[in-house]
1. Working carefully through the options 26, 56, 39, find the one that is loosely packed, with under 14 Cβ neighbours inside 10 Å and either among the charged types (D, E, K, R) or touching a Cys at 6+ places or on another chain (Cβ under 8 Å) (or both).
2. Here are some residues: 6, 16. Which one is over 13 Å from the mean Cα position of the chain (by Cα), in a loop (DSSP other than H, G, I, E, B) and among the basic types (Lys, Arg)?
3. Please list, ordered by first then second residue, the pairs with beta carbon atoms under 9 Å, 6 or more apart or interchain, first in the range 64-86 and closer than 20 Å to residue 10 by Cβ, second of a type in the set (S, T, N, Q) and surrounded by fewer than 14 Cβ atoms within 10 Å (Cβ to Cβ).
4. Could you tell me which numbered condition residue 33 fails, if it satisfies all but one of (1) modelled with pLDDT under 90; (2) in a helix (DSSP H, G or I); (3) within 21 Å of residue 84 (Cβ to Cβ)?
5. Hey, any hits in the range 64-75 for a residue that's surrounded by 11 or more Cβ atoms within 10 Å (Cβ to Cβ), modelled with pLDDT of 90 or more and not hydrophobic (A, V, I, L, M, F, W, C)?
6. If the Cβ limit is 8 Å and pairs must be 6+ apart or interchain, which residue in the range 1-30 that is touching a residue at least 24 places away in the same chain (Cβ under 8 Å) pairs with which residue that is in a strand (DSSP E or B) and among the small types (Gly, Ala, Ser)?
Amino acid sequence: MATELRYLGIYFASSRSLKCTLDMAKRSFYRTANAILAKVGGSAPEDVILELIRSKCLPALLYGLEVCPLRKSDISSLDFVVNRFS
């Protein structure tokens, strides 16, 4: 039995009520951020790196969140991901 369903890039978990999983969104954020850091390394100024992460990584993390009912733990999990890179 499948525990997750992917629809339009959003992963829904199997439960009695509507629940989204954020693991793939966080994985995509980290993958994109690591690709940016691997390319520019320490050669670029901090503000350039942060702007690249804001413009390229945050859309991957925030895609489809408006359709997901977020619990307090989901919000703090997303907050941790964003604050870790700022």
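1. After ruling out the rest, the residue left standing is 39.
2. It is 16.
3. 69/17
4. Only one criterion is unmet by residue 33, namely (1).
5. no
6. Hits for this filter: 19/13; 20/13.
The values are calculated or read from the model by the stated rules, or taken from the named source; none is laboratory data. Remember, predicted model here, so these are calculated numbers, not experimental data. Heads up, the Cβs are rebuilt from the backbone with ideal geometry, glycines too, and the neighbour counts pull from every protein chain shown.
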